[in-house]
Amino acid sequence: MEFETVIGLEVHAQLKTESKVFCGCSTEFGSGPNTNICPVCTGQPGVLPVLNKKAVECLVKTGIALNCKINNRSVFARKQYFYPDMPKNYQISQYELPLAKGGWLEINAGSQKRKIGITRIHLEEDAGKLLHAVGARELDYSLVDLNRAGVPLMEIVSEADIRSPEEAYQYLSTLKNILEYLGVSDCDMEEGKFRCDANISLRPKGQKEYGTKAELKNMNSLSNVRDALEYEVERQAEVLSGGGKVVQETRLWDADKGASHSMRTKEEAHDYRYFPEPDLVPLELEKKFIDDISKEIPELPEAKKRRYIEALGLSKYDTNVLTADKKLADYFEAALASAAKGKSAKDFAKPVSNWAANELLGRLNAEGKNVLSSPVKPEHLGELVSVIQAGTISGKIAKTVFEEMFRSGRTPSEIIKEKGLVQISDEGAILKFCDEAIAENKKAVDEFRAGKTQALGALVGFVMKKSQGKANPQMVNKILKDKLS
């Protein structure tokens, strides 16, 4: 029997605010355990939550960017559950009336684009964190760190429109990219700031009704999400093909074993006993508030890609590389502005793209660094490209200069001046080198005149060696061809 895969994703993204969603405690990551806490976020009796305006602005901005309807009126609710990382035994969230609903996100599905529906986006508080350890005498125990409790969390729930693990990967990559461009979340998966739960079911091809779903948790990278879903497709297909029934449950993904295992039977909404939060009044947003936030939305990845292709003449591949990381795109634009300096940016876009995405990114990746920690500043990379384009140095010399820039953080002009690396473009000097090359390489000359054009490379190489790599290669090629013809 052939099956169709049905996937829906629930993404939790921590919002980029300085304080928590219902109190003034810091959201800084990495502080000592239980240092960023107060009576509110630790659930002490008699305290009252106060809503963080910045968190609301971040969510509304996201909703607009994801084509959602922003609700003028939304209500907070208590989601009841008992767990050590939630001291008050309920989570303040939103249920029936979220801040945003009914949006969509476009992904690349092979050679086509597909719209994935977004059911809702709601605001809630994050839970604390349990640190599991093994103590003396092999007794299991857990430590509770409540620094994360109360950090503003945005939950983005997709429709069950995703039809393969690869589409899920594309959806998450695209969503993460948009949130980073909006500046609403750092989306650092290692720090738990971008987390995903996946609901997956299989149904016979052609059937309209959904099959029984399983929920996958504990996936800390986009590739883990894809791997876990691929495993679950095979597991459920094997169960159904054998005449069995899939159990509705929550399963944990074990990346080391490459397998999922059952954690608990899946709760339904009524198990959480939602009811309106009595300590927070309904949230009512004025039209001006929403309109003002709409004006703050920056150029998003797809719009940036179009501009790079149409205005700068870059290839689709180049634009995908540059825009995949907002930090790299920002670096590229700063370097391009430095290289062009009032001239046509289109004339410098391709070489700046090559140096940023190939040379720089390659070195940074090799050393485990990102663009923000690059020793080569964007204005210095732009200066390097401008001196290459002006013919001051050759591409070969530029690589030597770049190595020194990466090592020392110095400017190209300082390095070129100190090492005497200015390219030789004096025609008389190059003519002399070319005459020497012809006189001392009779075999290569004869082969070139006999029609073996690649023999010219040996003569060019001779000139470059004689000039210590400083001769203008374009002039060398032209002069040698003129003399030999």
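Residues satisfying the criterion are present in region 154-164 (criterion: over 15 Å from Gly8 (Cα atoms), at pLDDT 95 or above and outside any helix (DSSP H, G or I)). Any chance region 169-182 includes a residue that's of a type in the set (A, V, I, L, M, F, W, C) and part of a strand (DSSP E or B)? No, region 169-182 contains no residue that is of a type in the set (A, V, I, L, M, F, W, C) and part of a strand (DSSP E or B). For region 414-433, residues that are assigned to a helix (DSSP H, G or I) and modelled with pLDDT under 90 total 11.
Quick grid of which residues meet (1) assigned to a strand (DSSP E or B); (2) in contact (Cβ under 8 Å) with a residue 60 or more places away in the chain; (3) crowded, with 19+ Cβ neighbours inside 10 Å:
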position	(1), (2), (3)
Ser31	no, yes, no
Thr42	no, yes, no
Thr62	no, yes, yes
Asn67	no, no, no
Phe82	no, no, no
Lys115	yes, no, no
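Out of all the residues in region 92-105, is one or more surrounded by fewer than 18 Cβ atoms within 10 Å (Cβ to Cβ) and over 30 Å from Leu48 (Cα atoms)?
Checked against the condition, which is being surrounded by fewer than 18 Cβ atoms within 10 Å (Cβ to Cβ) and over 30 Å from Leu48 (Cα atoms), region 92-105 yields at least one hit.
Checked against the criterion of being assigned to a helix (DSSP H, G or I) and either in contact with an Asp or Glu (Cβ under 9 Å, 6 or more places away or on another chain) or closer than 25 Å to Gly362 by Cα (or both), the candidates Met464, Met405 yield just one match: Met405. Given the condition among the hydrophobic types (A, V, I, L, M, F, W, C), crowded, with 19+ Cβ neighbours inside 10 Å, at pLDDT 95 or above and within 24 Å of Met464 (Cβ to Cβ), answer yes or no: does some residue in region 366-377 qualify? Within region 366-377, not a single residue is among the hydrophobic types (A, V, I, L, M, F, W, C), crowded, with 19+ Cβ neighbours inside 10 Å, at pLDDT 95 or above and within 24 Å of Met464 (Cβ to Cβ). Scanning region 96-107 for residues that are out of contact with any Lys or Arg (no Cβ under 7 Å at 6 or more places or on another chain) and either not assigned by TED's automatic domain parsing to the domain that holds Val151 or not in a strand (DSSP E or B) (or both) gives Glu96, Leu99. Counting just the residues of region 15-64 that are of a type in the set (Ser, Thr, Tyr) and more than 22 Å from the chain's Cα centre (by Cα), which one comes out nearest to Leu179 (Cα to Cα)? Here the residue is Ser19. Checking each residue in region 250-294 for being acidic (Asp, Glu), surrounded by 11 or more Cβ atoms within 10 Å (Cβ to Cβ), modelled with pLDDT of 90 or more and in a loop (DSSP other than H, G, I, E, B) picks out Glu277, Asp279. A single member of Val56, Val50 is over 12 Å from Ala149 (Cα atoms), part of a loop (DSSP other than H, G, I, E, B) and at pLDDT 95 or above, and it is Val50. Of everything in region 338-365 that is among the hydroxyl-bearing types (Ser, Thr, Tyr) and farther than 13 Å from Asp318 by Cβ, the residue that is nearest to the chain's Cα centre (by Cα) is Ser338. When you look at Val352, is it touching a residue at least 24 places away in the same chain (Cβ under 8 Å), in a loop (DSSP other than H, G, I, E, B) and either buried (at least 22 other Cβ atoms within 10 Å of the Cβ) or of a type in the set (Phe, Trp, Tyr) (or both), yes or no? For Val352, the condition - touching a residue at least 24 places away in the same chain (Cβ under 8 Å), in a loop (DSSP other than H, G, I, E, B) and either buried (at least 22 other Cβ atoms within 10 Å of the Cβ) or of a type in the set (Phe, Trp, Tyr) (or both) - is not met. Please specify each residue of region 365-393 satisfying the condition of being under 23 Å from Ile416 (Cα atoms) and in a helix (DSSP H, G or I). Of everything in region 365-393, those that are under 23 Å from Ile416 (Cα atoms) and in a helix (DSSP H, G or I) turn out to be Pro378, Glu379, His380, Leu381, Gly382, Glu383, Leu384, Val385, Ser386, Val387, Ile388, Gln389.
Test Ser413 against the criterion of being farther than 28 Å from Thr174 by Cα and out of contact with any helix residue (DSSP H, G or I) (no Cβ under 6 Å at 6 or more places or on another chain), and give yes or no.
Spelling it out, Ser413 is indeed farther than 28 Å from Thr174 by Cα and out of contact with any helix residue (DSSP H, G or I) (no Cβ under 6 Å at 6 or more places or on another chain).
Residue-by-condition table, conditions (1) surrounded by 13 or more Cβ atoms within 10 Å (Cβ to Cβ); (2) outside the structural domain of Pro375 (by TED's automatic domain parsing); (3) in contact with a Gly (Cβ under 9 Å, 6 or more places away or on another chain):
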position: Glu230; (1), (2), (3): yes, yes, no
position: Ala237; (1), (2), (3): yes, yes, no
position: Leu240; (1), (2), (3): yes, yes, yes
position: Gln248; (1), (2), (3): yes, yes, no
position: Leu312; (1), (2), (3): yes, yes, no
position: Asp330; (1), (2), (3): yes, no, no
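Among the numbered criteria (1) of a type in the set (A, V, I, L, M, F, W, C); (2) out of contact with any Leu (no Cβ under 9 Å at 6 or more places or on another chain); (3) at pLDDT 90 or above; (4) assigned to a loop (DSSP other than H, G, I, E, B), which single criterion is violated by Ala439? That leaves (4) as the condition not met. Within region 14-29, being touching a residue at least 60 places away in the same chain (Cβ under 8 Å) and over 16 Å from Ile92 (Cα atoms) holds for Lys16, Thr17, Cys25, Thr27, Phe29. Checked against the criterion of being surrounded by fewer than 17 Cβ atoms within 10 Å (Cβ to Cβ), in contact (Cβ under 8 Å) with a residue 40 or more places away in the chain and more than 31 Å from the chain's Cα centre (by Cα), the candidates Gly451, Gly428, Gly420, Gly391 yield just one match: Gly391.
The values are calculated or read from the model by the stated rules, or taken from the named source; none is laboratory data. Not measured: the values here are computed from a predicted model. All Cβ positions, glycine included, derive from the backbone under ideal geometry; neighbour counts span all protein chains shown.
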